[in-house]
Amino acid sequence: MRIEISIARQTLNLLDDAETIVRSYSVSTATRGAGERKGSFCTPRGRHLIRAKIGAQQPANTVFIGRRPSGEVHSPELAERFPQRDWILTRILWLSGCEPGRNRLGDVDTMRRYIYIHGSPDTAPMGRPGSIGCIRMRNADIVELFELVPPYTPVNISED
């Protein structure tokens with residue numbers, strides 16, 4: 001099983017060992033495009049793996065801050081009170097780069113940049129760039145994906 005993310009198509013495909021697409025989701029990658037540098041607010045390319053799965057058993061729309069449930073549940077009222085927050089909701093799949101010098105170690109380290117596949121408010125548009133580096137998904141989609149993939153699932157992020 002592996003994940004293929006296309007920045008150009010704004011899609012995430014889950015493939016089985018026979019290379020058959022098991023699930024396909026619309027996502028939102030970085031507004032600033034592809035890039036690996038710390039502070040770039042870009043989505044990193046290349047080979048990664050899911051280093052940690054965070055949020056099992058949490059209700060949908062659970063708000064995470066620093067990878068921990070904040071005790072809040074996202075709602076239109078909460079969003080109105082905190083309009084500048086970059087919402088990380090429901091589940092987190094924390095990515096780690098596998099290519100030293102490209103997306104691992106130094107100032108290009110995906111994990112140290114806190115790049116995740118995560119849930120977003122239902123009002124967040126999918127199918128077009130909009131994040132500050134992470135891969136955003138609809139909450140129902142991230143719950144489904146979270147249940148389907150084990151830790152260390154390979155993830156490839158490409159510009160095609």
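Considering (1) part of a loop (DSSP other than H, G, I, E, B); (2) open to solvent by less than 10 Å² (accessible area, probe 1.4 Å); (3) under 17 Å from Leu14 (Cβ atoms), the lone condition that Met126 does not fulfil carries the number (2). On inspection, Arg102 qualifies as charged (D, E, K, R), part of a loop (DSSP other than H, G, I, E, B), open to solvent by 30 Å² or more (accessible area, probe 1.4 Å) and under 16 Å from Asn156 (Cβ atoms). Taken over the range 148-160, the criterion of being at pLDDT 95 or above and either touching a helix residue (DSSP H, G or I) at 6+ places or on another chain (Cβ under 7 Å) or not in a strand (DSSP E or B) (or both) is satisfied by Leu148, Val149, Pro150, Pro151, Tyr152, Thr153, Glu159.
Scanning the range 129-142 for residues that are over 12 Å from the mean Cα position of the chain (by Cα) and either crowded, with 22+ Cβ neighbours inside 10 Å or assigned to a helix (DSSP H, G or I) (or both) yields one hit, Ala140.
Listed residues Leu95, Leu145; which is part of a strand (DSSP E or B) and under 23 Å from Thr62 (Cβ atoms)?
Working: Leu145 fails: part of a strand (DSSP E or B).
One residue alone meets the criteria, Leu95.
Exactly one residue out of Arg37, Arg32, Arg47, Arg23 is of a type in the set (Lys, Arg), under 17 Å from Asp141 (Cα atoms) and modelled with pLDDT of 95 or more, and it is Arg23.
Please verify whether the range 149-158 includes one or more residues that are open to solvent by 10 Å² or more (accessible area, probe 1.4 Å) and under 17 Å from Ser26 (Cβ atoms).
First, pick out the residues of the range 149-158 that are open to solvent by 10 Å² or more (accessible area, probe 1.4 Å): 150-152, 154, 156, 158.
Pick out the ones that are also under 17 Å from Ser26 (Cβ atoms) and you get 158.
Looking through the range 149-158, at least one residue is open to solvent by 10 Å² or more (accessible area, probe 1.4 Å) and under 17 Å from Ser26 (Cβ atoms).
Being closer than 27 Å to Ser6 by Cα, small (Gly, Ala, Ser), out of contact with any Asp or Glu (no Cβ under 6 Å at 6 or more places or on another chain) and modelled with pLDDT of 95 or more is a condition met by at least one residue of the range 57-75.
Looking at Arg91, is it under 12 Å from the mean Cα position of the chain (by Cα), among the charged types (D, E, K, R), at pLDDT 95 or above and within 19 Å of Val22 (Cβ to Cβ)? Give the derivation first.
Working: under 12 Å from the mean Cα position of the chain (by Cα): yes; among the charged types (D, E, K, R): yes; at pLDDT 95 or above: yes; within 19 Å of Val22 (Cβ to Cβ): yes.
Yes; evaluated as a whole, the condition is true for this residue.
Restricting attention to the range 38-72, the residues being open to solvent by 80 Å² or more (accessible area, probe 1.4 Å) and more than 11 Å from Thr110 (Cβ to Cβ) number 4.
The values are calculated or read from the model by the stated rules, or taken from the named source; none is laboratory data. Note that the coordinates shown come from a computational prediction; the quantities given were computed from them, not determined experimentally. All Cβ positions, glycine included, derive from the backbone under ideal geometry; neighbour counts span all protein chains shown. Ligands, DNA and RNA are excluded from the accessible area calculation, which covers all protein heavy atoms including side chains. Shrake-Rupley method; radii C 1.70, N 1.55, O 1.52, S 1.80 Å.
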